[in-house]
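Below is one structure, written out as structure tokens; comments come after it.
Computed from the coordinates by the stated procedures, all read-outs in this text should not be read as laboratory data. In this text the structure is predicted, and so the values were computed from the model without any measurement. Using ideal geometry, Cβ is built from the backbone for each residue, glycine included, and neighbour counts are taken over all protein chains shown.
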Protein chains: 2
Amino acid sequence: MTERIRDFLSDRRRAGLDDGPVLVVDLDVVRENYGKFARALPDTRVFYAVKANPEPKLLAVLAELGSCFDTASVAEIRMALAAGASADRISFGNTIKKERDVAAALRLGVRLFAVDCEVEAEKIARAKTETGAEDVRVFCRILCDGAGAEWPLSRKFGCEPSMAVDVLEHAHRLGLEAYGVSFHVGSQQPNTEAWDGALGSASWIFRECAERGIHLGMVNLGGGFPTKYLKDVPAVEAYGNSIFRALSKHFGNQLPETIIEPGRGMVGNAGVIESEVVLVSEKSKSADEIRWVYLDIGKFGGLAETMDESIRYDIRTVHDEDRRVPCVLAGPTCDSADVMYEKTPYWLPVSLEIGDRVLIEGTGAYTSTYSSVAFNGLPPLETVVI
Amino acid sequence: MTERIRDFLSDRRRAGLDDGPVLVVDLDVVRENYGKFARALPDTRVFYAVKANPEPKLLAVLAELGSCFDTASVAEIRMALAAGASADRISFGNTIKKERDVAAALRLGVRLFAVDCEVEAEKIARAKTETGAEDVRVFCRILCDGAGAEWPLSRKFGCEPSMAVDVLEHAHRLGLEAYGVSFHVGSQQPNTEAWDGALGSASWIFRECAERGIHLGMVNLGGGFPTKYLKDVPAVEAYGNSIFRALSKHFGNQLPETIIEPGRGMVGNAGVIESEVVLVSEKSKSADEIRWVYLDIGKFGGLAETMDESIRYDIRTVHDEDRRVPCVLAGPTCDSADVMYEKTPYWLPVSLEIGDRVLIEGTGAYTSTYSSVAFNGLPPLETVVI
């Protein structure tokens, strides 16, 4: 929570515009975060993960600071270009792409693509032929168990390291530049050492490819850098140091080019959601009945990451000095699944009441875009960038 | 799948407009469903649950057929009015309402409101005074365990029956008409007998209120009527018969007025989503490696009800005569949580390949509105009503 956000919310309240939840993102915090990444990993290029928050002003600030952009779709590529990034600073990082979208990306000038299987490399090779593009680079994503990360990581992206060698060789034979390896240690990763194992696999793939005459040049270290929710998290510097040690351990003096793809770590702590308490109630008059607190934002209005109670936000109220009681925290829709914290209740002040505003901290990433388009007739989360 | 939907999709394909998933809803099926509900429960008023699918043309057809509307927000009330329903055919069925939204609903002419606690009744009483509205009716929702339902039902809505008596008495003293009781047996409820227990509680509340001089008149039987996914479901007639028996058992000759709130049961089977296979791959060359199939729609593009693999859609392909193999089915976004079926893999034809279209049946309800506004830059699910 910054003074600028506080002032903005006061002004909004005074103007009587505070009907409905709002996400406010402070660009000064984003600037500061970018600086921290740049300093912590000075030889690494930063590719901001646009999906975390694609607000145009935010992208423009990052473009001006020199950031590159990791995109998930042609629409995101267009957003990054509109924000002022040149195409050589954009990666199409989604391993699941329609061939016509690859062609569209090539026509827009993008030359860096993620793959995790041979058929995906074939799509890129065909689209390269179709568009006449040259110097098209691909990197192969490998599986990584994501142990310890707070947002679940499935086996959805990546392949086994041994298969990655074949995929890169296949890409090479198809006329693409087999450029490197990527992995992702899991989103909201509190363990600074989590990169070590995957870097070991990456260096093995570099050696295997070299034996086949293919010389890889780049390791994409992915994201995973956490933002502070309820628990403290290590500083970016600690991640930078740990990653540098692991790189040296596995690659010796032949350090590859590296890139990182922070999303949550870049914008999470730059945003605060203000929401209103719509109802506080109990289900019976029994003394051990738990209290239910209903907000005007829920799982379908932007807090999708509370799914399975994964991400536990820090919620501030005007009564924070008061005694706290366990509460079930739920959203405003007529959907019984729209409950944020129930298995592990959330302790809120006993004096919290209907109409009170609450601040949900650390919500700059993965909120506004998850928001449903109109579930229950409710509009998507309003976002203001200041 | 109807012939009209098939023809529409063929035309769309021929016109080259088939880039991206689309939901097609056949209004003839909706008309048929409305008729089935009206015949199965002839003395019951039908309040269509707008949140299931609020497409304007669909609402207009239902309004013309004489349907009433269960709404979750002021926006949905406006949609029902715009579709041609008069305000006396609209219920504000969300138990979680801002007081200013209650006032807005009263100004729009709505006079029927759900509550599940005393403070919610107080909001309505204050809004009644503020707006000068008269004859404002409230019904109290009670908890119901939802046993057997496929879409999870939490304790989010409703209170214990003993508390409902107090809530209704409180509403009565505040100058509201204590009108009745509502409950919900859980969405996609395959058990036709599921209404029996809750109707027993409702009749007890009627008697308790009568002893306090308050004469309730209505039981809102909620929704829960299923649509066919992979498994067959009982016909609407079976639900009608079972509910009528339970009503007679618990209320004898003094049958209350009844209403139902079908959503899924009204529009689920009227809709089909066409999606494209973006990628088919494996994670290693091991013989027991499972196949991954990625569609251009997923959990954040409209298939939110695959959360925890709750709803299992019937998926048709052009290769359905072929041998089937177990597949993990995933969506197109760069989010590892965007996987529909993994714990219980989905058996799909071994010949299914990139670029094939698949039809996801029974997707008329709870798809388009759940769709995220722009996650990964992907647009919300396109909906066409024919």
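Numbers at a glance
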{"item": "Charge sum, other residues only, whose C-beta stays under 11 Å from B:SER351's C-beta, Lys/Arg counted +1 and Asp/Glu -1", "result": "-3"}
{"item": "Helix runs (DSSP H) in chain B reaching 27 Å along axis by Cα, Kyte-Doolittle at least 0.5", "result": "none"}
{"item": "Separation between Cα centres of the stretch B:1-15 and the stretch A:368-386, rounded to whole Å", "result": "32 Å"}
{"item": "Cβ-placed point charges (K, R +1; D, E -1), dipole of the protein assembly as shown about Cα centre in debye, nearest 20", "result": "460 debye"}
{"item": "Charge sum, other residues only, whose C-beta stays under 10 Å from B:ILE360's C-beta, Lys/Arg counted +1 and Asp/Glu -1", "result": "-2"}
{"item": "Full-extension gain in nm, A:ALA235 to A:GLU64, via 0.36 nm per residue minus C-alpha separation", "result": "59.1 nm"}
{"item": "Where labels lie 7 Å past Cα in the beta-carbon direction, separation of A:ASP288 and A:ASN253 in nm", "result": "6.9 nm"}
{"item": "The protein assembly as shown: equivalent-ellipsoid semi-axes (sqrt of 5 x gyration tensor eigenvalues, Cα, Å)", "result": "48, 31, 21"}
{"item": "Label 7 Å beyond Cα on the Cβ vector: A:MET1 copy-to-copy distances, nm", "result": "5.5"}
{"item": "Distance in nm between pseudo-label sites at A:GLU193 and A:ARG245 (7 Å out along the Cβ direction from Cα)", "result": "0.8 nm"}
{"item": "Position B:LEU255, label points 7 Å along Cα→Cβ, spacing to each other copy in nm (shortest first, one decimal)", "result": "8.1"}
{"item": "Computed over the stretch B:213-366, Kirkwood Rh from alpha-carbon pairs, angstrom", "result": "18.1 Å"}
{"item": "Computed [θ] at 222 nm, deg cm²/dmol, chain B (DSSP H ≥ 4; -39,500 (n - 2.57); rounded to nearest 500)", "result": "-9500 deg cm²/dmol"}
{"item": "Positive-pole candidate from B:LEU378, B:ASN253, B:SER201, dipole of chain B, charges at beta carbon", "result": "B:ASN253"}
{"item": "DSSP-defined beta bridges in the stretch B:93-262 - what % are antiparallel, rounded to 5", "result": "5 percent"}
{"item": "The stretch B:102-144: GluC sites (Glu not before Pro) in DSSP coil with no more than 16 other Cβ atoms inside 10 Å", "result": "B:GLU134"}
{"item": "Straight-distance crosslink candidates among aspartates and glutamates, where the alpha carbon sits under 19 Å from B:LYS128 and sequence neighbours closer than 8 are dropped", "result": "B:ASP88, B:GLU99, B:ASP101, B:ASP116, B:GLU118, B:GLU120, B:GLU169, B:GLU177"}
{"item": "Pair B:MET1, B:ASP135: separation of 7 Å Cα→Cβ label points (nm)", "result": "5.0 nm"}
{"item": "The stretch B:49-84 versus the stretch A:312-360: alpha-carbon centroid distance in Å", "result": "32 Å"}
{"item": "Euclidean distance of C-alpha centroids, the stretch B:147-186 and the stretch B:250-276, integer Å", "result": "19 Å"}
{"item": "Where trypsin sites (Lys or Arg not before Pro) fall in DSSP loop in the stretch B:215-313, at most 11 other Cβ within 10 Å", "result": "B:LYS231, B:LYS285"}
{"item": "Label point 7 Å beyond Cα along the C-beta direction, distances from B:ARG12 to other copies (nm, shortest first)", "result": "3.6"}
{"item": "Charge dipole of the protein assembly as shown about the Cα centre (unit charges at C-beta), most positive-ward option of B:CYS159, B:HIS215, A:THR2", "result": "A:THR2"}
